[in-house]
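Asks: Structure in structure tokens, see below.
A short reminder: the numbers here are calculations on the coordinates, not readings from a lab. Small disclaimer: the values here were computed from a predicted structure and weren't measured.
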Amino acid sequence: MAMAADDMYEDEVDLRTPLLQLGDDVPNFSCDTTQGFVTLHDTIQGKWVMIFTMPKNLDPISVSALAAVAKLKEEFDARNVSVYGLGVDSKMNHKVWVSDTYELQEERVNFPIIVDDKAQISKAFGLVRPNETDFMHALVPCMLCVVIDPDLKMQGYRLASADKRAPGLHSRKLDGGRRHFY
């Protein structure tokens with residue numbers, strides 16, 4: 001059963017949720033995206049999936065990172081890898097992010113970006129900052145790239161930085177058909 005993102009409330013939040021570990025079951029949730037409503041498990045079961053997170057939509061690093069992933073979309077498709085973005089912002093701001101990416105980087109974003117405007121999905125994945133004293137800042141996810149296998153298990157992740165000021169998100173290297181996500 002998928003949890004609805006709106007079913008979690010601040011008074012029920014334990015920010016000490018650990019980052020999912022390799023082999024863990026990926027939590028199921030229903031949410032809106034820039035391309036419509038999805039229930040995660042129904043949408044991704046039987047496919048490899050990469051979800052990348054960004055702490056902010058509308059900054060130069062985020063626009064560059066979104067463009068870099070968009071540029072690689074055909075390569076991901078060729079390997080049966082579904083790509084999702086995830087950000088703690090509104091659907092409208094995600095759409096502006098997509099538009100800015102095209103305007104500034106000349107890359108069309110043709111994959112969904114998950115709307116996590118209340119950070120419930122980020123909390124379920126353990127992507128919040130548990131030691132942050134400001135509750136609202138604690139809900140801004142770390143920059144992360146998550147890899148999920150066709151059986152809905154966590155198979156890899158790359159944490160770029162817990163410090164939102166650190167440059168860069170992740171890079172990708174395809175080597176001889178092997179998947180490497182950094």
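Asks: Could you tell me which of rounded, prolate or oblate describes the stretch 69-110, using a ≥ b ≥ c as the square roots of the eigenvalues of the alpha-carbon gyration tensor, with rounded for a/c under 1.5 and, failing that, prolate when a/b is larger than b/c and oblate otherwise?
Replies: Oblate is the answer for the stretch 69-110, as a/c is 1.5 or above yet b/c matches or exceeds a/b.
Asks: Stokes-Einstein diffusion coefficient for the stretch 46-95 at 37 °C in a medium of 0.692 mPa s, Rh from the Kirkwood formula over Cα pairs: what value in µm²/s?
Replies: 281
Asks: Another one. Under the classification rounded if a/c is under 1.5, otherwise prolate if a/b is larger than b/c and oblate if not, where does the stretch 41-133 fall, given a ≥ b ≥ c as square roots of the Cα gyration tensor eigenvalues?
Replies: oblate
Asks: Going by amide H atoms built from the backbone, whose H comes under 5 Å of the H on SER82, apart from near neighbours?
Replies: Residues meeting the criterion, in which the H sits 1.01 Å from N, are TRP48, VAL49, MET50.
Asks: 5 Å is the cut-off here: which amide hydrogens, built 1.01 Å from N in the peptide plane, fall below it relative to TYR157, excluding neighbours closer than 5 in sequence?
Replies: VAL147
Asks: Here's a follow-up. Past 22 Å, Cα to Cα, is the threshold; run LYS123/LYS153; LYS47/LYS73; LYS95/LYS153; LYS91/LYS123 against it and keep the listed order.
Replies: LYS95/LYS153
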